[in-house]
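The values are calculated or read from the model by the stated rules, or taken from the named source; none is laboratory data. Note that the structure is predicted; figures quoted are calculated from it, not measured. Every residue, glycine as well, gets a Cβ built from its backbone with ideal geometry; the counts of neighbours run over all protein chains shown. These accessible areas exclude ligands, DNA and RNA; they are computed on the full protein's heavy atoms, side chains included. Shrake-Rupley method; radii C 1.70, N 1.55, O 1.52, S 1.80 Å.
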Amino acid sequence: MKRRIVLVDDHALFRAGVLAELGDAVEVVGEAASVAEAVPLIRETDPDVVLLDVHLPDGGGEAVIAGVAPERPAVKFLALSVSDAAEDVIGVIRAGARGYVTKAISGAELTEAVHRIADGDAVFSPRLAGFVLDAFRSGDTASSDPELDQLTPREREVLQLIARGYSYKEIAGRLHLSARTVESHVSSVLRKLQLSSRHEITRWAAERRLI
């Protein structure tokens, strides 16, 4: 039986690659590039599984799940991300995702993961499963990095976009903020993390696999 899926990722080329890898093994009923696009689309199409990036221009995978789950409790979410950072994995699983795989996964493995998630299983890339279980067993909070915990959700979004090379103006457009507000967030990030430049932000984020 073909599973009906929605693919949520802000990179059009990546979405095209995923669709090519999945081929006709699933039925793709919609694509979205942001939280604002994804929530109404998923509510309308009511897919079996949502393939969900954890970092989107206007929020994250957790926001998508929160916007959908109350009205579509049967929809299952599989996080598909370049990040294998603990705070990303634990955060989206706590929000309600049934699994988390990295973008290094093969097409065949992803197809199998979609079917397993639709059937009610939990699916994780091998190295992620252990610390997910450890975190829930020990009752850890969603974020395990004391430095990252200092930042607000908006500051984290700005940090990640800065680390990915976006300009203040581009970040302002993606997050619907003024450039001055973005600059203020960057100053706050630098102060809290005791960093002095965009280059140091990029290095800091890369070391924690946030980009």
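Considering L52, L22, L78, the condition of being touching a Gly at 6+ places or on another chain (Cβ under 7 Å), of a type in the set (A, V, I, L, M) and more than 26 Å from L210 (Cα to Cα) is satisfied by L22 alone.
In region 96-114, the qualifying residues are those that are open to solvent by 50 Å² or more (accessible area, probe 1.4 Å) and not in a loop (DSSP other than H, G, I, E, B), and the one that is farthest from A16 (Cα to Cα) is E112. Taking residues in region 1-27 that are free of Cβ contacts under 8 Å to residues at least 60 places away in the same chain and closer than 15 Å to L56 by Cα, and partners anywhere that are among the basic types (K, R) and in a helix (DSSP H, G or I), the pairs with Cβ atoms closer than 8 Å and at least 6 places apart or on different chains are L7/R15.
Checking each residue in region 143-172 for being free of Cβ contacts under 8 Å to residues at least 40 places away in the same chain and more than 17 Å from S188 (Cα to Cα) picks out G165, Y166, K169, E170. For I93, indicate whether it is in contact (Cβ under 8 Å) with a residue 24 or more places away in the chain, closer than 16 Å to V123 by Cβ and surrounded by fewer than 21 Cβ atoms within 10 Å (Cβ to Cβ). No; evaluated as a whole, the condition is false for this residue. Remark: V68 falls outside the filter, which requires a residue to be touching a Pro at 6+ places or on another chain (Cβ under 8 Å), aliphatic (A, V, I, L, M) and under 21 Å from R4 (Cβ atoms). The set of residues in region 1-45 being closer than 22 Å to H55 by Cβ and acidic (D, E) consists of D9, D10, E21, E31, E37.
If we keep just the residues of region 32-59 that are in contact (Cβ under 8 Å) with a residue 60 or more places away in the chain and among the acidic types (D, E), which is surrounded by the most Cβ atoms within 10 Å (Cβ to Cβ)?
D48
Applying a threshold of 6 Å to beta carbon distances and a minimum spacing of six or more residues, or different chains, the list of pairs starting in region 173-196 at a residue that is open to solvent by 70 Å² or more (accessible area, probe 1.4 Å) and ending at one that is modelled with pLDDT of 90 or more reads E183/Y168. For region 40-54, check the following and say yes or no: at least one residue is at pLDDT below 90 and either of a type in the set (A, V, I, L, M) or closer than 24 Å to L159 by Cβ (or both). For region 40-54, residues at pLDDT below 90 and either of a type in the set (A, V, I, L, M) or closer than 24 Å to L159 by Cβ (or both): absent. If you filter region 72-90 down to residues that are farther than 16 Å from A32 by Cβ and not in a helix (DSSP H, G or I), you find that the one that is most open to solvent (accessible area, probe 1.4 Å) is P73. For region 73-86, state whether one or more residues are acidic (D, E) and within 18 Å of A118 (Cβ to Cβ). Looking through region 73-86, none of the residues is acidic (D, E) and within 18 Å of A118 (Cβ to Cβ). For V29, the conditions (1) farther than 21 Å from A122 by Cα; (2) open to solvent by less than 50 Å² (accessible area, probe 1.4 Å); (3) out of contact with any Pro (no Cβ under 8 Å at 6 or more places or on another chain) all hold with the exception of (3). Do we find that E62 is closer than 17 Å to L148 by Cβ and in contact (Cβ under 8 Å) with a residue 60 or more places away in the chain in this structure? So E62 does not fit the description; no.
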